[in-house]
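Novice: Below you'll find the structure I mean.
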Amino acid sequence: MFVLEYKQIYIVPTELTKNRTCQTYRWKQMAICEEREPLEKIRAQETRPEDWRVVPMGDSVVQGR
């Protein structure tokens with residue numbers, strides 16, 4: 001199983017950074033598929049494909065060993 005994810009900007013709340021600004025990103029899941037190729041096609045069609053990725057799901061990595 002593979003997951004299509006996109007990078008989303010995340011600003012850490014001030015209470016956690018002691019009055020400092022911290023901007024980072026998180027990966028959000030958009031789609032899950034048994035095969036990697038359909039997800040790669042979707043990623044290639046996006047306007048900024050560098051902000052998208054296809055990764056194996058956690059249980060798939062364990063099964064592949």
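The values are calculated or read from the model by the stated rules, or taken from the named source; none is laboratory data. Computed from a predicted model, the values in this text were never measured in an experiment. With ligands, DNA and RNA removed, areas are computed over all heavy atoms of the protein, side chains included. Shrake-Rupley method; radii C 1.70, N 1.55, O 1.52, S 1.80 Å.
Novice: Would you kindly find the accessible area of GLU5, with a 1.4 Å probe and non-protein molecules such as ligands, DNA and RNA excluded, rounding to the nearest 10 Å²?
Specialist: Using a 1.4 Å probe on the heavy atoms, I get roughly 20 Å².
Novice: Taking H as built 1.01 Å from N, whose amide H comes closer than 5 Å to the amide H of MET57, not counting residues under 5 places away?
Specialist: PHE2, VAL3
Novice: Starting at the first residue of region 33-44, write each ³J(HN,Hα) from the Karplus equation 6.51 cos²θ - 1.76 cosθ + 1.60 with θ = phi - 60°, in whole Hz, x for Gly and Pro.
Specialist: Karplus-based 3J(HN,Hα) across region 33-44 equals 8, 5, 10, 6, 4, x, 5, 5, 5, 4, 4, 5 Hz.
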